[in-house]
Amino acid sequence: MFKYIRQRILFALLALIIISLFSYVLVAAFAPNPVRALAEKLVSSPTNHRTYDEILKELEVQNGIRYGTLAEPGEYVPILVRYFKYIGNIFRGNWGAIINPDNNPNPGEYDTIPKLFFTPLKYSILVSAPAFLFSSVIGTSLGIYSGYKRGKLFDSFTNIFVLIFIALPSFIIAPIAITIAASMGILPEVPDLSSGLSGGAIFVAYLPPIIVVTLGSLAIYTTYSRNQVITVLTSNYVLIAKSKGLSPKQIFFKYVLRNISIPIFALVFPSFLGLISGSIIVERFWNIKGTSQVIVYAFPSGEINIVMFSVLFFTLLSLVSEIITDISYAILDPRITYGVASKKNYWAFYKAYLFRKKLIKELLKSEVQTTNEKGIKNA
């Protein structure tokens, strides 16, 4: 098992490097250059006496886009060279700087990229964590009950509910929720935690976005757990258990719950990460100052350091969650074992193949020579 964990960690590091490389190259090559926007702002300053090209080259040297010095700018630095310099700076604890100060919502508070990313993260978690808790518990419970009531009226209503909230996107549900909440006197925007409002008012203001996020995730949990329950209930070992006289309660705890827990547990980590990273629409509608807002502003403006930090953070979380999920399989079900590497030496097979090929050529050559010699003698 430790060998398997070591292999998974190595593959995770390789995947992280590949994803970070592709992300950096794509953003550096195709995203807007934030240095140009900053140069346009500085050149229009009344105290400026330099040309646009001079300011642009100076800023590009400062941000590692050009070689040379501030006095003598050189050629552009290749994107791959910039990438490896960026990775080297990460190991020194330097995540880069926010290139254009206009892309920093609060320069006094967010003086580094980790602060810019993690400070708003608490607002995203305030929406995502309750939504994840409610959707996982309620959705799994609904799915289990619906699986037991397959084909009945409750199952039909559950399927209709699931189809509606899977089909309807968040940008349609959110305005409806805002309208309903406004008619009940709930604020259309989520206030800041330091706004001075009472805890009850802030809690009520957070309810509509939490409900919207919960509904979409709840539909997924309901569908998944329902299908798993139906698969287990129609299996041969459950039919045998029924024929032996086991009660429905015994069958549920001994067979159903145990067999559906592993696939549902595999859904937990990805769904939570998806709620945190994918709540862009909800945060935009309710003006929640979450991490998604930071990412949305960073991509169009070409703030490559912010984009790369978010990519590395969420990719690393996803890879770690996958490793934890794989390890938990063996804990939840000891019957699950991890495959080991094949003892076959494929290099030895390849060498034997080349040796056989060489022998065949030599045999054919000797047969041709023998045939030629016999022909000469007969002549």
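Values quoted throughout were computed directly from the atomic coordinates according to the rules given, and no laboratory measurement underlies them. Here the structure is a predicted model, which means the values were calculated and not measured. Cβ: placed from backbone, ideal geometry, glycine included. Neighbour counts: every protein chain shown.
Observations on the structure shown:
- Taking other Cβ atoms within 10 Å as a rough exposure proxy, Trp286, Trp95 sort from fewest to most as Trp95, Trp286.
- By the beta-carbon count within 10 Å of each Cβ, the least crowded to most crowded order of Glu54, Glu367, Glu283, Glu60, fewest first, is Glu367, Glu54, Glu60, Glu283.
- Oblate is the label for the chain, because the ratio a/c of its alpha-carbon gyration tensor axes (a ≥ b ≥ c) is 1.5 or higher and a/b is not greater than b/c.
- Estimated 222 nm signal from helices in the chain, with DSSP H stretches of n ≥ 4 weighted -39500 (n - 2.57), rounded to 500: -24500 deg cm²/dmol
- Whole-number D in µm²/s for region 211-271 (Stokes-Einstein; Kirkwood sum over Cα pairs; 10 °C, 1.306 mPa s): 125
- Between the amide H of Arg66 and those of Val61, Val77, distances stay under 5 Å, these residues lying 5 or more places away or on another chain, with hydrogens modeled in the peptide plane.
- Beyond 27 Å in Cα-Cα separation lie the following of the pairs Lys152/Lys254; Lys149/Lys254; Lys41/Lys115; Lys3/Lys115; Lys149/Lys242; Lys3/Lys357: Lys3/Lys115; Lys3/Lys357.
- Two-decimal Rg to Rh for region 49-175 - Kirkwood Rh, Cα set: 1.28
- Alpha-carbon radius of gyration plus Dmax, which is the widest Cα pair, for region 1-103 in Å: 18.1, 67
- Debye, to nearest 20: dipole size of region 119-300, +1 on Lys, Arg Cβ, -1 on Asp, Glu Cβ: 960
- Region 119-300 - Debye-derived log10 I(q)/I(0), Cα point model, q = 0.08, 0.13, 0.15 Å⁻¹: -0.33, -0.73, -0.89
- Per-residue Cβ neighbour counts within 10 Å put Lys3, Lys149 in the sequence Lys3, Lys149, beginning with the fewest.
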